[in-house]
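The values are calculated or read from the model by the stated rules, or taken from the named source; none is laboratory data. Keep in mind that this is a model prediction, so the values were computed, not measured. Glycine also receives a Cβ, built like all others from the backbone with ideal geometry; neighbour counts cover every protein chain displayed. Keep in mind that these areas ignore ligands, DNA and RNA; they rest on the heavy atoms of the full protein, side chains included. Shrake-Rupley method; radii C 1.70, N 1.55, O 1.52, S 1.80 Å.
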Amino acid sequence: MRRDVNGVTKSRFEMFSNSDEAVINKKLPKELLLRIFSFLDVVTLCRCAQVSRAWNVLALDGSNWQRIDLFDFQRDIEGRVVENISKRCGGFLRKLSLRGCLGVGDNALRTFAQNCRNIEVLNLNGCTKTTDATCTSLSKFCSKLRHLDLASCTSITNMSLKALSEGCPLLEQLNISWCDQVTKDGIQALVRGCGGLKALFLKGCTQLEDEALKYIGAHCPELVTLNLQTCLQITDEGLITICRGCHKLQSLCASGCSNITDAILNALGQNCPRLRILEVARCSQLTDVGFTTLARNCHELEKMDLEECVQITDSTLIQLSIHCPRLQVLSLSHCELITDDGIRHLGNGACAHDQLEVIELDNCPLITDASLEHLKSCHSLERIELYDCQQITRAGIKRLRGTLPESLPV
C-alpha cells in the first residue's frame, strides 16, 4: 500500500479527500451517511458541509436541522442568518433556540414563520427587537407551536397574546416573564384560545392583578407550572382561584408576592395534592399554621424556598420532617426563629437519609454546631449554606465534612 511523505496511506487519504468518489461515499449508502449526520451539532455539520460536494448536500439536508440552538453564536446571528436557515430547513425544523440573539427582529422571524410551519418549540428569550408583529406571524403560519419563550421581549403587549390565542391552539408552554406591558386583558384572550396550557411563566409581569389569575383558573385545568414571581399586586383571592381550578398544579412560584397569607397554603393543601415545588420567598405573612396544613396534604413536595418567611419556627420543620419524605431542596435563609431543635427533627425525618440534597440556612442566628451534628444523617446532602450563622464554628464544619462527601460545599 503506497504512502505519502507523511506516512499516510493513499486509501486513507482518499477516504477523506475532496473527491465525491471518496471511498466512504462509495462504501456507505447515502441514507446511512444521512443518519450519521443527524447526530451532529450545528458546528460539526457546517464543517462536514465543506468536505465535498456530496457531503455538502447531505450535511445541509433539512432532515439534519430539525433542532437548532444558536445561543453559542448569539453575537453573530443577524436576521439574514435566520432567514437562510429557515429556507434551508423548511418544514423539517421542529425546535429553534435564538435565545439572546439581539440582532434578530420581526422581519426575519416573519420569513422564518412562513418557511418553518411545523415549528413546535421556539425560544426567543432576550430577543429584544421582537414585537407583536412576530406573534402575529407565528399565529398566521405556525399552528403547531407548543412551546414559546418570549421572556424579556419587553415590547410584547396584549396584542401578542390575542394573536397566539387565535392561531396557536396547541400551545402548552408560554414564557412572557418581564413582559411588563401585559395585563389581565391579554391573559383573558390567551387562555380562551389556549386552554391546554400546562406551563405559564409570568415572572415580573407587574401589571397583573387577581382578575388575570381568575381567567387562568377558569380556563386552564391542565396547568402544571405557574410562575408569578414579583407580581406584586397578586393577593389570596387570585391564587385561591388557581388552586381550585388547577388541581394538577405541581410547581408554584409566588416569591415576592408579599400580600399572600396562610389562606394560600390552605388552598394548596386542599386542592393541589400533586404539588412538588413551592417557592414563596419574601412572603412574610406566611406562618406555621399554613405550612402545617400544606405539609399534611402535599406529601410529594420536593423543593421549598421559604427564604425570609420570617414568622415560621421549628413547628414547620417538624411537619415537613413527618409528612414530606421526598423533600430534596429546602431554603430557610433569614428564617431567624429556626433553632437546632427544628434541624434535629429534619435530620431524623423521612427525607433525611436518601432525599435531602440542599439546605440553605444563611442568616439563621440561632443555629449552632448542634445542627451540623443532626445533619450527619443526611447522606445525600450535596450543599449546605451557612453564611452569617454566627454560632457555627470551623470545628463544627470540619466535623460535618468528615462524615459527608469530600466535595460538599459548606
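Listed values, structure above:
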{"item": "Selection from region 366-381 of residues that are under 17 Å from C335 (Cβ atoms), in contact with a Cys (Cβ under 9 Å, 6 or more places away or on another chain) and open to solvent by less than 10 Å² (accessible area, probe 1.4 Å)", "result": "I367, S371"}
{"item": "Flag for K398 being basic (K, R), out of contact with any Leu (no Cβ under 9 Å at 6 or more places or on another chain), surrounded by fewer than 20 Cβ atoms within 10 Å (Cβ to Cβ) and part of a helix (DSSP H, G or I)", "result": "yes"}
{"item": "Count of residues meeting criterion [crowded, with 19+ Cβ neighbours inside 10 Å, more than 28 Å from the chain's Cα centre (by Cα) and part of a loop (DSSP other than H, G, I, E, B)] in region 334-343", "result": "1"}
{"item": "Selected residue (criterion: most open to solvent (accessible area, probe 1.4 Å)) from residues of region 202-248 that are over 16 Å from A189 (Cα atoms) and charged (D, E, K, R)", "result": "R244"}
{"item": "All helices (runs of 4 or more DSSP H) inside region 7-121 with 2 or more residues being at pLDDT 85 or above, of a type in the set (S, T, Y) and touching a Ser or Thr at 6+ places or on another chain (Cβ under 8 Å)", "result": "none"}
{"item": "Flag if S321 is open to solvent by less than 40 Å² (accessible area, probe 1.4 Å) and touching a Gly at 6+ places or on another chain (Cβ under 7 Å)", "result": "yes"}
{"item": "Pairs with Cβ under 8 Å, 6+ apart, first in region 314-330 and without any contact (Cβ under 8 Å) to a residue 24 or more places away in the chain, second not in a loop (DSSP other than H, G, I, E, B)", "result": "none"}
{"item": "Some residue of region 344-352 being outside any strand (DSSP E or B), under 26 Å from the mean Cα position of the chain (by Cα), without any contact (Cβ under 8 Å) to a residue 60 or more places away in the chain and within 26 Å of I260 (Cβ to Cβ)", "result": "yes"}
{"item": "Region 114-131, residues that are within 24 Å of the chain's Cα centre (by Cα), buried (at least 17 other Cβ atoms within 10 Å of the Cβ), on the phi < 0 side of the Ramachandran plot and not β-branched (V, I, T)", "result": "E120, L122, N123, L124, N125, C127, K129"}
{"item": "Filter pass, G91 being open to solvent by less than 30 Å² (accessible area, probe 1.4 Å) and within 30 Å of L150 (Cβ to Cβ)", "result": "no"}
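For every residue, the table says whether it meets (1) modelled with pLDDT of 95 or more; (2) touching a Ser or Thr at 6+ places or on another chain (Cβ under 9 Å); (3) farther than 25 Å from L170 by Cα.
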position	(1), (2), (3)
D185	yes, no, no
C194	yes, yes, no
T230	yes, yes, yes
G238	yes, no, yes
G256	yes, yes, yes
Q270	yes, yes, yes
L275	yes, yes, no
